[in-house]
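Right, one structure below, let's go through it.
The values are calculated or read from the model by the stated rules, or taken from the named source; none is laboratory data. Because the structure is predicted, anything quoted here is derived from the model rather than measured. For neighbour counting, all protein chains shown are included, and Cβ atoms are generated from backbone atoms with ideal geometry for every residue, glycine included. What goes into the accessible areas is simple: the full protein's heavy atoms, side chains included, and nothing from ligands, DNA or RNA. Shrake-Rupley method; radii C 1.70, N 1.55, O 1.52, S 1.80 Å.
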Amino acid sequence: MSYDGDFTFDMRPQAGILNVFSRLSYKPQYAIGEFVDNSTQSHLLHKTELIDSEDYYRLRIDIEYDPGAMTLTVTDNAYGMERDRFLDAIKLDAKNSDQMNSRNEFGMGLKTAASWFGSVWSVTSTQLGSTRQFKATVDIPYLHESGESNINIRVTNVPPYTHGTVVKIEKLTKKLAGRSIGKIKDMLGSMYRRDLANGDVEIMFNGQPITFEQFPILRFRDQQWKKPLDFEFDFGPEKHHVTGFVAIMDPGSFIKAGFALFRRGRVVLGGADANYKPREIFGNANSEISLKLFGELDLDDFPINQAKDGFVWEDGLEDAFIEALKMQIADFRKIADMTKKARMQESQLATPASNRVEAQVTDTITRLNNGLNKARDDVEEAQPEEVCANDTGESAESRYVQNYRKMQREESKVPDELLSDVRTYPIKVSSTQTKTIEVRWSIESGEKWIGVTYPTDDSVAVTINLNHPFFKPYSREEDFQVVLEKLVIAFVASEEQAKLNSTQAGMIISSAIRSNMNRILYAMAVNGNG
């Protein structure tokens, strides 16, 4: 058989079996994935030679679907194939040693996928450094009717820098509609996300790049909720090794959540609304865990089916895998099961956040106390105004005292789990008296924005409601929490100063609190801001 010209090749067993492939339970994205597997595997095996052969080499795979002409063409600029490898690619029962531990391990993907998509297909390929291009055309109806198993191989001379492969499928028997094309693109992006992320592989579909967007990771309890996984478990006489990562998504997405299961660098199970979500781990379909938990898991030594869209693990291997995985990610399941509201409440009331605010406010209060005496000397003391009586003869002072005592009896009733740690600030309310102001955050409903009680004569307990509708749009921001805490301290200190100048019955003039607060806030700005 000549190596220099066209020749015939026997595809035995008889090519009529190709008709059977059209009835396989392929999905379009996995059938196209067979061609991409071949391209990316060729690229991975010969990446060094390809990079050395040209400047700025990058694997490019172009997928062109023409519904009018009923053709699907997949073109790559990978290493390509010489004669023996080319014949293996089209022969029905052949594969070579390079395929044993590769993405195209079965040696059947090109033939089955091409025959599933259409009744006529061709392969054209040139290996890097070769001057020969090989082309084979497989006409399934003709071969079936004629009983032939021989096909013609056309050999053409090409420049030695030419390399790559083209698979063209004509007379398509599977039509791709608009919505299915979008799903195919999304699934291909998911399947080959790692190749795309490396930056040296580009996949195009009808001129548009295939992309994959990484998911946002939850930051909570001062950490990012993503961790690597690397564990083994026994099943029968064998050990099975799992690597990858688990993470929690924020914001969550039912479509994106779940595990993508990889084998040899590409997704076998996973993709938009198709991720692996065993009930033993994710619970119900609408659970918090099913909304937020996700990850990528490499199962390289797990058996896979012929279509490479699932694992062969119905013998109990899947159950053993789920049990082992569940133990590895127990802490992540617990956090993923928390609602957004619960996380927000914990974040706002947690000790680290409380400590950060306390440190900033304490620094301000310390310098404020040092400057208050000087500021106090520059302000005139307000004098109580005359107390008037109403038509009933009851004095305004008497009414005020009754209301004041009633308010003093009111105490904030907030569950302990909705309260932060106590932060304590000593603040001078006069040249001779210091009050201890104890501040806590709370998460409450209702109209109250601060609650004030008096545990002792020298202390004031203040509860700030971060969930108040007026502050809620901003109260998740720590900088705002610091400002709010300073404002509340100034307000409470102003009340205490006003009470020092009140009447014997506790009457305070209307402008006293405002005047005191103006002075304290000014002193905070001048003396308290470093």
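Residues that are touching a residue at least 40 places away in the same chain (Cβ under 8 Å) and not in a strand (DSSP E or B) were ranked within the range 252-276; the one that is farthest from LEU44 (Cα to Cα) is GLY252. Residues that are open to solvent by less than 30 Å² (accessible area, probe 1.4 Å), closer than 25 Å to LEU45 by Cα and of a type in the set (Asp, Glu) are absent from the range 202-218.
Residues that are open to solvent by 60 Å² or more (accessible area, probe 1.4 Å), of a type in the set (D, E, K, R) and in contact (Cβ under 8 Å) with a residue 60 or more places away in the chain do occur in the range 171-179, at least one of them.
Given the structure, is PHE245 open to solvent by less than 60 Å² (accessible area, probe 1.4 Å), in contact with a Lys or Arg (Cβ under 8 Å, 6 or more places away or on another chain), in a strand (DSSP E or B) and over 19 Å from LYS27 (Cβ atoms)? Let's see the steps before the verdict.
Values: open to solvent by less than 60 Å² (accessible area, probe 1.4 Å): yes; in contact with a Lys or Arg (Cβ under 8 Å, 6 or more places away or on another chain): yes; in a strand (DSSP E or B): yes; over 19 Å from LYS27 (Cβ atoms): yes.
Yes.
Pairs meeting the criteria (first residue in the range 199-217 and farther than 15 Å from ILE184 by Cβ, second residue surrounded by fewer than 19 Cβ atoms within 10 Å (Cβ to Cβ) and among the polar types (S, T, N, Q), beta carbons under 9 Å, at least 6 apart or on different chains) are PHE215/SER253; ILE217/GLN224. Against the numbered list (1) open to solvent by less than 10 Å² (accessible area, probe 1.4 Å); (2) at pLDDT 85 or above; (3) farther than 14 Å from LYS174 by Cα; (4) not in a loop (DSSP other than H, G, I, E, B), LEU18 comes up short only at (2). Taken together, the residues in the range 223-242 that are surrounded by 10 or more Cβ atoms within 10 Å (Cβ to Cβ) and either assigned to a loop (DSSP other than H, G, I, E, B) or β-branched (Val, Ile, Thr) (or both) amount to 3.
Looking across the range 318-335, just one residue is more than 23 Å from ASP300 (Cβ to Cβ) and of a type in the set (Val, Ile, Thr), and that is ILE335.
Can you work out which of the residues in the range 33-78 that are hydrophobic (A, V, I, L, M, F, W, C) and in a loop (DSSP other than H, G, I, E, B) is nearest to VAL120 (Cα to Cα)? First the steps, then the outcome.
Taking the range 33-78 as the starting set, the residues that turn out to be hydrophobic (A, V, I, L, M, F, W, C) are 35-36, 44-45, 50-51, 59, 61, 63, 69-70, 72, 74, 78.
With in a loop (DSSP other than H, G, I, E, B) added as a condition, the list becomes 69-70, 78.
Working: ALA69: 13, MET70: 11, ALA78: 24 Å.
For the range 33-78, the residue satisfying everything is MET70.
Out of all the residues in the range 449-462, which are part of a loop (DSSP other than H, G, I, E, B) and surrounded by 14 or more Cβ atoms within 10 Å (Cβ to Cβ)?
Initial filter on the range 449-462 (part of a loop (DSSP other than H, G, I, E, B)): 449, 457-458.
Result: TRP449, single match.
Under the condition of being open to solvent by less than 30 Å² (accessible area, probe 1.4 Å) and touching a strand residue (DSSP E or B) at 6+ places or on another chain (Cβ under 9 Å), which residue from the range 52-61 is farthest from ASN206 (Cα to Cα)? Walk me through it before giving the result.
Filtering the range 52-61 down to residues open to solvent by less than 30 Å² (accessible area, probe 1.4 Å) leaves 57, 59, 61.
In the following step, the residues that additionally are touching a strand residue (DSSP E or B) at 6+ places or on another chain (Cβ under 9 Å) were identified as 59, 61.
Numbers: LEU59: 17, ILE61: 11 Å.
Ranking the qualifying residues of the range 52-61, first place goes to LEU59.
The single condition among (1) in contact (Cβ under 8 Å) with a residue 60 or more places away in the chain; (2) under 14 Å from ALA336 (Cβ atoms) that LEU297 does not satisfy is (2).
Collect the residues in the range 396-444 that are at pLDDT below 50, hydrophobic (A, V, I, L, M, F, W, C), surrounded by 15 or more Cβ atoms within 10 Å (Cβ to Cβ) and within 50 Å of the chain's Cα centre (by Cα), keeping them in residue-number order. Passing the criteria: none in range. Comparison of ARG279, ARG333 shows that the only residue that is loosely packed, with under 13 Cβ neighbours inside 10 Å, modelled with pLDDT of 95 or more and not small (Gly, Ala, Ser) is ARG279.
For the range 251-268, a residue qualifies if it is open to solvent by 40 Å² or more (accessible area, probe 1.4 Å) and either under 18 Å from LEU325 (Cα atoms) or within 13 Å of the chain's Cα centre (by Cα) (or both), and the qualifying residues are PRO251, PHE254, ILE255, LYS256. Comparison of PHE470, PHE491, PHE480 shows that the only residue that is part of a helix (DSSP H, G or I), under 36 Å from the mean Cα position of the chain (by Cα) and not acidic (Asp, Glu) is PHE480. Look at the range 31-51: where a residue is acidic (Asp, Glu) and a partner is in a helix (DSSP H, G or I), sitting 6+ places away or on another chain with Cβ atoms under 8 Å, you get GLU34/GLY109; GLU34/LEU110; GLU34/THR112; GLU34/ALA113; ASP37/GLY109.
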